[in-house]
Amino acid sequence: MSVFSEKTNEYVMIADARIKEYMNVSGIPEVLRRAMDYSISAGGKRLRPCLTLAACDMIGGSRAAALPLACAMEMIHTYSLIHDDMPCMDNDDYRRGKPSNHKMFGETFALLAGDGLLSYAFEIMLNAARTYCEKVPTYTDAMYAIAEGSGVRGMVAGQVADLSSNDVACDAANADKLAYIHTHKTGALIKASLLAGIYTGNAKATEITAIVKFGEAYGLLFQITDDILDVEGDFKGMGKTLGKDAAQQKLTYVNLYGLDKAKIVAKNTADEAKCALEQFAEAAEYLRELTDNTLNRKK
Ligand code: GRG
């Protein structure tokens with residue numbers, strides 16, 4: 001097994017183990033726990049926890065302080081998937097290879113499961129802050145990055161722009177709109193995951209600037225490859241119904257530029273992301289490999 005795969009397995013394992021602990025605390029109504037746990041335990045790549053833990057390792061930060069943030073990121077991400085799948089939004093029947101949350105628990109509990117994961121993420125972060133704020137003076141910056149990235153100027157703003165773009169033509173005049181949707185809906189949470197990790201170490205201003213640059217390019221790469229996989233992927237890898245973007249003529253990289261050009265943009269964006277990591281030298285090897293992996297991903 002490669003060093004990259006070993007590291008990824010390690011990150012996923014420690015995040016999963018901690019998420020399991022968080023899901024088993026007393027006091028959560030049983031029906032709510034089952035609905036939350038159904039989606040968070042359904043699989044998923046755990047990309048955002050991997051980004052937080054990798055950024056923490058890269059900067060020599062505190063793993064103990066980063067772990068609650070990594071789990072909070074996964075909870076926020078999972079809430080967004082549950083809500084996005086609901087009939088009032090994207091109306092998807094499958095997620096992570098299983099029936100989506102509202103198909104299993106009904107719309108009321110799907111809504112509450114999403115609300116529960118979002119608010120629990122913030123409870124977990126604030127509880128961790130009681131322990132780590134003194135040892136890690138930038139812990140508040142990490143939590144702020146997560147709040148901003150997931151909130152009304154980040155992911156939620158991107159979702160609003162996405163839902164308002166249904167009747168927008170897939171032409172060059174709307175390229176800026178597409179960039180806004182991608183950087184906010186997908187990129188903001190990815191950037192926040194990286195910032196959270198880097199803020200658990202003693203990062204210099206130039207390192208923070210570099211990780212922001214990497215996060216923006218990597219987030220865009222991740223979404224372009226998502227658009228490509230909507231055409232070229234399969235249900236087994238992606239765990240969701242594909243082909244919807246083409247059927248709905250949705251504003252995506254593939255519909256705007258065509259498949260071949262989208263692949264070129266993805267390659268250039270991956271190069272740009274790796275360039276941003278230069279100052280971290282070999283400490284950034286994991287993030288470089290992750291970037292190559294994402295460029296060629298099938299899931
Ligand atoms: C409901 C406020 C709100 C936001 C929803 C996440 C999202 C925003 C919408 C889901 C649809 C979508 C294609 C979003 C782009 C982000 C994305 C590619 C999500 C899937 O992330 P992965 O591939 O999923 O990391 P896993 O299951 O592996 O965690």
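Per-structure values
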item	result
Residue list for the stretch 83-106, restricted to those being more than 21 Å from residue 166 (Cβ to Cβ) and assigned to a helix (DSSP H, G or I)	101, 103, 104, 105, 106
Exclusive hit being assigned to a helix (DSSP H, G or I), over 23 Å from residue 82 (Cβ atoms) and within 11 Å of the ligand (Cβ to nearest atom), set 206, 294	294
Hits in the stretch 156-180 - residues which are buried (at least 21 other Cβ atoms within 10 Å of the Cβ) and modelled with pLDDT under 95	162, 178
Meets criteria (touching a helix residue (DSSP H, G or I) at 6+ places or on another chain (Cβ under 9 Å), within 13 Å of the ligand (Cβ to nearest atom) and polar (S, T, N, Q)) for residue 101	yes
Residue in the stretch 224-242 that is closer than 15 Å to residue 149 by Cα, buried (at least 20 other Cβ atoms within 10 Å of the Cβ) and touching a helix residue (DSSP H, G or I) at 6+ places or on another chain (Cβ under 9 Å) present	no
All positions within the stretch 81-95 that are in contact with a Leu (Cβ under 8 Å, 6 or more places away or on another chain) and surrounded by fewer than 20 Cβ atoms within 10 Å (Cβ to Cβ)	86, 89
Top-ranked residue in the stretch 221-233 [being in contact with a Lys or Arg (Cβ under 8 Å, 6 or more places away or on another chain) and of a type outside the set (A, V, I, L, M); ranked as nearest to the ligand (Cβ to nearest atom)]	223
Those residues of the stretch 1-43 which are closer than 21 Å to residue 115 by Cβ, touching a strand residue (DSSP E or B) at 6+ places or on another chain (Cβ under 9 Å) and not hydrophobic (A, V, I, L, M, F, W, C), in sequence order	38, 39
Selection count where residues are modelled with pLDDT of 95 or more and either farther than 14 Å from residue 141 by Cα or surrounded by fewer than 24 Cβ atoms within 10 Å (Cβ to Cβ) (or both), scope the stretch 193-202	1
Residue among 75, 36, 58 that is more than 13 Å from the ligand (Cβ to nearest atom), in contact with a Leu (Cβ under 8 Å, 6 or more places away or on another chain) and under 26 Å from residue 290 (Cα atoms)	58
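The values are calculated or read from the model by the stated rules, or taken from the named source; none is laboratory data. On a predicted model such as this, the values are computed, not experimentally measured, just so you know. Glycine gets a Cβ as well: all are built from the backbone with ideal geometry, and neighbour counts include every protein chain shown.
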